[in-house]
Each structure stands twice: as structure tokens, then as C-alpha cells.
Amino acid sequence: MAGHDNSYKLLFSHQRMVRDLLTGFVHEKWVEELDLDSLEKASGSYVTDELRDRESDIVWRVRWGDTWLYVYLLIEFQSRVDRFMPVRIMSYVGLLYQDLIRQKAFTPSGKLPPVLPIVLYNGERRWNAAQDVAEMVENVSGGLEKYCPTVRYLLLDEKAIVNDPDWPEETRNVVAALFNLEHYRGVDEALNVLGRLVEWLYSEPQEELRNAFTSWLKQVWAKRQAPKEHWQELNRLEDLREVYTMLQERTGQWPKRWKQEGREEGREEGREEGREEALRSTARNLIQTTDLSDRAIADATGLPLDDVKAMRDELQH
């Protein structure tokens with residue numbers, strides 16, 4: 001998923017993307033009070049307790065009255081839902097505030113500025129994790145409850161948004177177009193969305209954002225959708241309109257090629273899937289019947305450590 005993370009980071013490094021994200025998907029009155037022309041990327045590197053850089057996350061700031069409002073955009077492309085996301089968000093927001101304190105970036109009244117944490121998720125499963133850390137803490141009473149932390153994030157579950165029958169088609173909203181392309185329901189629909197996107201991005205001087213979309217379409221979208229024989233041809237194209245024209249000409253051939261590739265590769269993929277499922281079954285047995293660590297089980301089976309941790313978490317809850 002690294003390429004997907006990087007392509008999204010590049011896309012959301014453009015003011016137009018963040019503007020459309022706020023105006024199109026944050027349906028709260030205070031958004032109308034923002035000076036969207038003031039949107040700018042905030043500098044800073046935030047490091048977790050495990051010393052892992054959150055390089056895939058992006059921080060923007062925008063004027064809100066006489067102070068800045070910070071938008072912490074966490075890009076989440078895990079195939080599984082992280083049920084401890086509220087704890088991660090609480091940690092990342094804390095790191096951001098520590099950085100703002102070091103910069104003395106206070107409001108005119110001397111307080112810390114507001115932060116809007118957004119989790120952008122594009123997995124297939126519906127997101128079902130808690131959205132406030134308070135929901136994860138055991139209920140207490142007798143006065144202890146007032147010490148329970150509360151940090152909430154805004155979830156944008158792309159697939160759920162696109163599949164919501166009450167969600168209106170956004171007008172000239174490039175983020176809505178991105179979500180639709182991620183979860184389109186047919187090639188014709190994808191081409192219609194892409195055509196509108198091309199029209200919008202060439203109606204204004206937005207060369208860098210066009211280049212970012214071109215890169216995403218070639219390096220991420222097409223490699224998941226197009227037959228392999230078209231990848232090299234797409235990679236030679238540098239202009240978004242050229243990519244769109246090529247897709248218009250080639251997408252009619254895709255269903256046939258998908259069937260052919262399925263016949264040619266299906267047996268090998270079946271064998272690979274069978275081997276992987278056997279390894280996962282072994283890992284589950286080791287988790288349930290031994291005291292081996294996750295690292296030892298990962299080494300024994302050859303599975304990624306994160307997968308073993310996820311299996312243990314699922315078996316214990």
C-alpha cells in the first residue's frame with residue numbers, strides 16, 4: 001500500500017483538494033466561517049513513542065476568525081479496521097500540540113488552537129471502530145468518570161460515502177471524483193467521472209494537481225483496474241487528457257482481457273491462495289495452543305508480523 005499512501009499524500013498536498021474535502025464532506029456550520037484562501041500546509045514532523053515517522057499524514061492550517069484551525073489528515077489504507085484508532089489519534093494530536101507549543105503557536109488569548117483530526121479510509125470493509133477514545137475506556141462512576149479522556153476524529157469512509165443513496169453528486173468537487181474513481185461501479189461510470197475531472201482541472205491553472213492525478217491514475221488506479229498489457233503504454237503518457245483519451249479507447253477491451261488473465265493466472269493464484277490459507281491456519285493454531293510470541297510465529301510461518309498481530313487480536317476479542 002506504500003504507493004497508494006504516497007499518491008494520496010501528493011494529492012492532498014494541494015490546496016484545492018483540502019478545500020474540497022472541507023466544503024464537500026465536513027457538513028458543519030463552522031466550515032462556512034473559514035477563510036479557505038488562507039489554507040496552507042503546516043510544517044512539522046511528528047514521531048510516535050516507537051519513533052516511527054507519520055510521513056503519510058498531512059497537516060494543514062486555515063484561518064478561522066482571529067486564529068488558526070489545524071486540520072490533521074490521517075490517510076489510512078489498511079485492509080482491516082484498526083479498532084484502536086481513537087488511541088492513535090489521541091497520540092498524534094498530542095504530538096501536534098507539543099509541536100505547536102514548541103513553536104509558541106498560540107491563539108491571541110494564549111490558548112492552543114483547535115485541531116480537526118480526519119481519518120480518510122478507503123478499505124472494502126465498513127469502518128466500525130470507535131470514533132472517540134472515551135468509547136474505549138471502561139465505564140466508571142463515583143467521580144472517576146470525569147478523568148476519562150475524550151478525543152474524537154472525523155471519519156471519511158470512502159466506500160460508505162460513495163454507496164450512500166442519499167449522497168448527492170458533488171459539483172466540481174475533485175475529492176468526490178477521487179472517491180468515485182476509487183469505488184466505481186462500472187467502467188462507463190469511471191470514464192464519466194474522469195471526464196468531469198479533466199474538464200475541471202483544465203478550466204483553471206492547476207498543473208501540479210493535474211500531474212498528481214495523472215501519477216495516481218497510472219501508478220495506482222490503472223494497475224488495479226487495467227490489464228497488464230496496458231500498463232507500459234499508460235506509463236509513457238504525461239498529460240491527464242492523454243491518459244483519459246487512452247482509457248476511453250482501451251477500456252472496452254478490459255472485460256475480455258480480465259477473463260483471459262483469469263484463465264491464464266487463476267490456477268497459479270489458486271495455489272498461492274491455498275498456501276497462504278494453510279500458513280494462516282498454522283499461525284492461528286500456534287496462537288491458540290502455544291506461548292510463542294507474534295514475532296516467533298511470523299518467523300515460523302513467513303507471514304507478515306502485522307498479520308499475525310491482527311489474527312491474535314481477532315482471536316482474543
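What about GLU170, is it at pLDDT below 95 and closer than 23 Å to VAL81 by Cβ? So GLU170 does not fit the description; no.
For a quick check of your reading: which strands (runs of 3 or more DSSP E) sit entirely within region 49-152 and have at least 2 residues that are at pLDDT 90 or above and farther than 25 Å from TRP30 by Cα?
Values: elements: 58-64, 67-76, 115-121.
In region 49-152, there are no strands (runs of 3 or more DSSP E) which contain 2 or more residues that are at pLDDT 90 or above and farther than 25 Å from TRP30 by Cα.
Summed over region 138-166, the residues that are open to solvent by 60 Å² or more (accessible area, probe 1.4 Å), within 26 Å of the chain's Cα centre (by Cα) and farther than 19 Å from LEU181 by Cα give a count of 2. Restricting region 1-48 to residues that are of a type in the set (Val, Ile, Thr) and open to solvent by less than 20 Å² (accessible area, probe 1.4 Å) leaves a set whose member that is modelled with the lowest pLDDT is THR48. Hey, can you tell me all the residues within region 267-287 that are open to solvent by 60 Å² or more (accessible area, probe 1.4 Å) and either small (Gly, Ala, Ser) or at pLDDT 70 or above (or both)? Of everything in region 267-287, those that are open to solvent by 60 Å² or more (accessible area, probe 1.4 Å) and either small (Gly, Ala, Ser) or at pLDDT 70 or above (or both) turn out to be GLU276, GLU277, LEU279, THR282, ARG284, ASN285.
The values are calculated or read from the model by the stated rules, or taken from the named source; none is laboratory data. All values reported here derive from a predicted model rather than from experimental measurement. All Cβ positions, glycine included, derive from the backbone under ideal geometry; neighbour counts span all protein chains shown. Please note that ligands, DNA and RNA were not included when accessible areas were found on the heavy atoms of the full protein model with its side chains. Shrake-Rupley method; radii C 1.70, N 1.55, O 1.52, S 1.80 Å.
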